[in-house]
Each structure stands twice: as C-alpha cells, then as structure tokens.
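**Student:** If you scroll down you'll find the structure; I have some questions about it.
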Amino acid sequence: MGLFVTSKLFDRAILGGIVLSTVLLSIETYPPVTGSARQVINDANMAVTVLFAVELVLKVLWFGPVNYIANGWNKMDAFLVFTWCFALDS
C-alpha cells in the first residue's frame, strides 16, 4: 500500500480529482444547471468526494495519524474532506 500511496500515479489521480472538482464547481454555478445534467454533476461530485475520502484514509493508515497530521497540507485536506462530507449530509 505504501508504494501506491506515495506514487506519482496516486498524486496525479488526486490532482485530477481536484481539477475535476474545480470544473464541476464552475459548471454548476453559472448558469444554474437543472434536470439530468444536475444529477450527473451531483454524481460526479460524490465520486470526487469519495476519492478524496479514500485518499485521506489510505494516507492515515500508511503514515499513521500523528505523521499524517504533522503535514500542513494534510491538515487542510482533512479539514476540507470532513467539511465537505458534513455538508453533503445536510
């Protein structure tokens, strides 16, 4: 698992998720999207959220909670994933 979590492929997949999330956010805000396109965007947002949550879990398992949270970027990632997951719940 460690070779996967620290690999360039894993980093690129996460970067791709960030880009996709940004594109989805820009598409859904103007003009307002409705109908089946809204469902596609919602499904894609959920997939990206799951990708980010899986990244968090894998990194915490691999590096350990203390080492994971020692990195400032990981703190931001964890904050964003938890915030987004709680936002989806409401």
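The values are calculated or read from the model by the stated rules, or taken from the named source; none is laboratory data. Since the structure is predicted, the reported quantities are computational estimates derived from the model, not experimental observations. Quick reminder, even Gly has a Cβ in these numbers, built from the backbone with ideal geometry, and neighbours come from all protein chains shown. The accessibility values were calculated without ligands, DNA or RNA, using every heavy atom of the protein model including side chains. Shrake-Rupley method; radii C 1.70, N 1.55, O 1.52, S 1.80 Å.
**Student:** For the chain, which whole percent of the accessible surface, found with a 1.4 angstrom probe, sits on carbon and sulfur atoms? Write down the numbers at each step before the final one.
**Tutor:** Values: 4670 of 6380 Å².
Answer for the chain: carbon and sulfur cover 73 percent of the accessible area.
**Student:** Which of the following values of Rg/Rh (Cα atoms, Kirkwood Rh) was calculated from the structure shown: [x] 1.03; [y] 1.00; [z] 1.25?
**Tutor:** Matching entry in [x] 1.03; [y] 1.00; [z] 1.25: [x].
**Student:** Using Cα-Cα distances under 8 Å and only pairs 6 or more residues apart, what relative contact order does the chain have, in percent?
**Tutor:** 31 percent
**Student:** Next question. Give me a comma-separated list of calculated 3J(HN,Hα) values for region 32-44, in order, Karplus coefficients 6.51, -1.76, 1.60 applied at θ = phi - 60°, integers in Hz, x for any Gly or Pro.
**Tutor:** Per residue, the Karplus-derived 3J(HN,Hα) values read x, 9, 9, x, 5, 5, 4, 5, 4, 5, 4, 5, 5 Hz.
**Student:** Cβ under 13 Å from Asp11's Cβ, Asp11 left aside: what net charge do those residues give with Lys, Arg +1 and Asp, Glu -1?
**Tutor:** +1
**Student:** If you stretched the chain out fully between Leu61 and Ile14, how much longer would it get, using 0.36 nm times the residue separation minus the C-alpha to C-alpha distance?
**Tutor:** Taking Leu61 through Ile14 to full extension adds about 15.2 nm, to one decimal.
**Student:** Hey, what's region 11-78 come to in accessible area per residue, 1.4 Å probe, Å²?
**Tutor:** Details: 4500 Å² over 68 residues.
On a per-residue basis, region 11-78 sits at 66 Å².
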